Amino acid sequence: MAKLIVDDSGTRKAFRLPKGRLTVGSDEGNTLRLVSEGVAARHLEIATTDASTVVRVPLDGAPVQLGGRTLAPGAQGEWAPGTELKVGGASLRLEAEGTAAPAPAPGAAKAAGATAAAPARGAPVAPARAGGSASARSGGGRASAARTGGARAGGGSRRRGGDTDDQGRPKWVMPAVGIVLLVIVGAVYVLFIQDSDRARYFVTDVAAIETHLESQNYELARRAYEPLAASKQLDAAQRARVDELGRKLEAGESLRTGGGVLVTQGHAWKGRYLDAFVTANFAEEPYASGAVRVFADRVADFREFFPGHPADAELAAILTKVKASEVRAEPLTLADVEFYEHYHTDRVKSPKRFPLALAVMDQFLAKNPSGAEHDAVVAKRDARLAEQRAVTLALIEKAQKAWSENNEGGAVAALAEAVAYVAGGELATQAAATFAALPNARAYLLDYRTKDPELFRGLMTQPALQSLVGSDS
């Protein structure tokens, strides 16, 4: 198994890289979260098999540097051990693990033994002395004579040729000692080190479980989950994460015969957009009315994309808890407008959802035709319209540059972001027309429909793109 070395914002970590797919980015929902500057919310994917490790930049991702070569959105490349991967301000390096030393050539040990035993050519051989050696004269003569006699008889030393070694120990002693030591080391590893390793490689073990859950391979997910759940080396946060995985695993196992891919995608979408939001905004009362409104909007999106999903009951309970119906019945406040503005534009680097923030501003202005708050929102709206135009033009320029570099995936990603999330009015229509003129536009749209229903919904607001999909939409 390969090892992943991560340098992220001054912190260096090492992980085992499991087989399967993991995501990398600054968003909470990623398998590997990076906090360095320049890291996108969902920057790239890493797919590992027995044969290779491949880096893939999704269409909504951001460029990376793999061994000095740029991979734009939509591109992929094989990641060889020893190669550096630059993700924004973070650096990742893949290293092979467990490389064995080369074995000696066959017969090398025999050759070495023969060389040591053979006398040098031409060297004099001392004649045997009948009187024995000095050791024989000092009391060891009989043993020496016996050895000499044995040698003359050609039978060799009985001591060396029998069941003992050169030190007089039975030949079975050393192998037995080795086996005992091996058993002891194995027991120590199982009882202490193995459990510590599970805590040390927590991130990659979690990544493996999530990969199996996403592919609905619940048998492998269960096999990877149970040792991690049994570990006594996890801290409180890790234990909570493992418990969450256990709940997802149980839900998946109960839905083994139904739900299909949409169930898995729904869990992933909920984890990325809703779970972290609830933790950040609804930990204790009072709940900000803007947060309640945004959460209700996102739950409505979830229900549209994943109708009948098993997580719907859980989300309904949260809506009841925060009194969403009562809050939404009240008039919009300036604080609500500012929360929407922050959530859709300031909170993320991309994509910035200007149309959603501007729509709420328009609602507020319609109900508040004058006054200081009206003037404040008008100023905000003008500033956001100017920013929206600048970001849209930058995305169109980015798409044109990618196309000139034969990077079709990068061009599509930039145009899709502009149309679905950023642009409005004439610029959105212009970006959609450019998208529709691309040779493989329809194939990209159908792919988005399967993998990213929210992006697909945004693209389908444009007639030029609707006509490409036709009755299939």
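The values are calculated or read from the model by the stated rules, or taken from the named source; none is laboratory data. Treat the numbers as computed from the prediction; the structure is a model and nothing was measured. Using ideal geometry, Cβ is built from the backbone for each residue, glycine included, and neighbour counts are taken over all protein chains shown.
Yes/no per residue for (1) part of a helix (DSSP H, G or I); (2) modelled with pLDDT of 90 or more; (3) crowded, with 21+ Cβ neighbours inside 10 Å:
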site	(1), (2), (3)
386	yes, yes, no
417	yes, yes, yes
450	yes, no, no
456	yes, yes, yes
465	yes, yes, yes
469	yes, no, no
Meets criteria (at pLDDT 90 or above and buried (at least 18 other Cβ atoms within 10 Å of the Cβ)) for residue 263: no
Close pairs (8 angstrom Cβ cut-off, 6 or more residues apart or separate chains): under 29 Å from residue 330 (Cα atoms) in region 368-396, surrounded by 14 or more Cβ atoms within 10 Å (Cβ to Cβ) and hydroxyl-bearing (Ser, Thr, Tyr) anywhere: 384/345
Residue within region 278-299 that is more than 24 Å from residue 453 (Cβ to Cβ) and of a type in the set (D, E, K, R) present: yes
Residue 370 vs. criteria modelled with pLDDT of 90 or more, over 30 Å from residue 76 (Cα atoms), outside any helix (DSSP H, G or I) and of a type in the set (S, T, N, Q): yes
Criterion: within 22 Å of residue 354 (Cβ to Cβ), surrounded by 19 or more Cβ atoms within 10 Å (Cβ to Cβ) and in contact with a Lys or Arg (Cβ under 9 Å, 6 or more places away or on another chain) - qualifying residue of 411, 399: 411
Neighbours by Cβ (under 8 Å, 6+ apart or cross-chain): first from region 53-79, over 18 Å from residue 90 (Cα atoms) and loosely packed, with under 15 Cβ neighbours inside 10 Å; second aliphatic (A, V, I, L, M) and modelled with pLDDT of 80 or more: 78/54; 78/55
Failed criterion for residue 317 (all others in (1) more than 21 Å from residue 457 (Cβ to Cβ); (2) touching a helix residue (DSSP H, G or I) at 6+ places or on another chain (Cβ under 8 Å) hold): (2)
Matching helices (runs of 4 or more DSSP H) fully within region 258-335 where at least 3 residues are over 25 Å from the mean Cα position of the chain (by Cα): 289-305, 312-321, 324-329
Odd one out for residue 27 among (1) in a loop (DSSP other than H, G, I, E, B); (2) over 13 Å from the mean Cα position of the chain (by Cα); (3) surrounded by 15 or more Cβ atoms within 10 Å (Cβ to Cβ): (2)
